[in-house]
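The values are calculated or read from the model by the stated rules, or taken from the named source; none is laboratory data. Only a predicted model underlies this, so the values are computations on that prediction, with no experimental measurement involved. All Cβ positions, glycine included, derive from the backbone under ideal geometry; neighbour counts span all protein chains shown. With ligands, DNA and RNA removed, areas are computed over all heavy atoms of the protein, side chains included. Shrake-Rupley method; radii C 1.70, N 1.55, O 1.52, S 1.80 Å.
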Amino acid sequence: MQVKTAFPFKGGRTYVHGTSMFDEIGELLKSQGCVGARIDIAFRKMIPNPNCTLEIRPPQADDSVVATISRPEGDDLVICLNPEAEMAEPVGIEYDEDRIGESAEIDGSTITSIRPSGYSDVEIMVALCKKLHQTHFAAGKRWVFSRFKGRIPLDLGEDVQLRIVRAVGTRLTCSEVYTAGSKVGEIYFS
């Protein structure tokens with residue numbers, strides 16, 4: 001199965017944002033009737049082309065994004081996402097990532113926030129994680145969303161909390177994500 005899509009570039013970015021790809025995979029799963037699943041999605045390469053193809057197939061070494069879906073019915077499903085060969089002209093959309101974390105509170109390696117409206121669950125999770133990293137670690141490092149392991153859909157409630165639980169210096173971190181006191185998954189930044 002192949003699905004072709006054109007992603008917008010969020011804010012001033014010149015690449016497809018991981019949140020856009022995560023949401024697109026979530027929509028594909030929903031259209032396939034897959035609910036209550038777990039996802040392990042790894043963003044292996046930046047994608048500078050808005051035109052991409054999603055394929056349900058075994059992963060290959062050169063895939064840009066690989067998502068393994070563990071479904072309640074038992075069969076794992078692998079979705080690979082790659083840019084098209086021909087470069088397309090990107091369409092930019094506004095994306096105020098900083099607004100998401102305006103009311104967030106940071107205490108050491110933990111960020112807590114009331115869910116802002118107008119954003120998808122993954123946009124909230126990633127923006128809060130980014131703000132936590134920019135505050136907790138020395139300034140100047142550019143952090144990117146590199147992996148998520150947890151439930152899909154995220155179904156974040158009114159309160160969201162992220163806590164850095166592992167760090168390899170400033171090369172890679174793992175943060176646990178909670179909503180309503182329950183763990184949703186783990187997000188990795190590099």
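Below are the figures for this structure:
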read-out	value
Carbon plus sulfur fraction of accessible area for the stretch 98-165, probe 1.4 Å, in percent	44 percent
Where the stretch 1-139 is the region considered: accessible area per residue in Å², 1.4 Å probe	51 Å²
Proximal lysines relative to LYS45, as straight alpha-carbon distance under 27 Å, when same-chain residues fewer than 8 apart are discounted	LYS4, LYS10, LYS30, LYS130, LYS131, LYS141, LYS149
Within the stretch 94-123, backbone nitrogen closer than 12 Å to the virtual label 7 Å beyond the Cα of LYS30 toward Cβ	120-122
Percent of beta bridges antiparallel (DSSP, the chain, rounded to nearest 5)	95 percent
Calculated FRET value between SER120 and ASP96, using beta carbons and R₀ = 22 Å, to 0.05	0.95
Low-density loop positions, GluC sites (Glu not before Pro), the stretch 89-176 - DSSP coil, at most 15 other Cβ in 10 Å	GLU94, GLU102, GLU158
Acute angle (nearest 10 degrees) that the helix 121-136 long axis makes with the longest principal axis of the chain, alpha-carbon atoms	50 degrees
Accessible area in the full protein assembly, largest first, 1.4 Å probe, for MET125, MET87	MET87, MET125
Chain lengthening between THR68 and LYS183 when straightened (0.36 nm per residue, less Cα-Cα)	39.5 nm
Full-extension gain in nm, ALA167 to ASP76, via 0.36 nm per residue minus C-alpha separation	29.9 nm
Column: log10 I(q)/I(0), Debye, Cα scatterers of the stretch 90-190, q = 0.13, 0.18, 0.21, 0.25 Å⁻¹	-0.41, -0.80, -1.09, -1.50
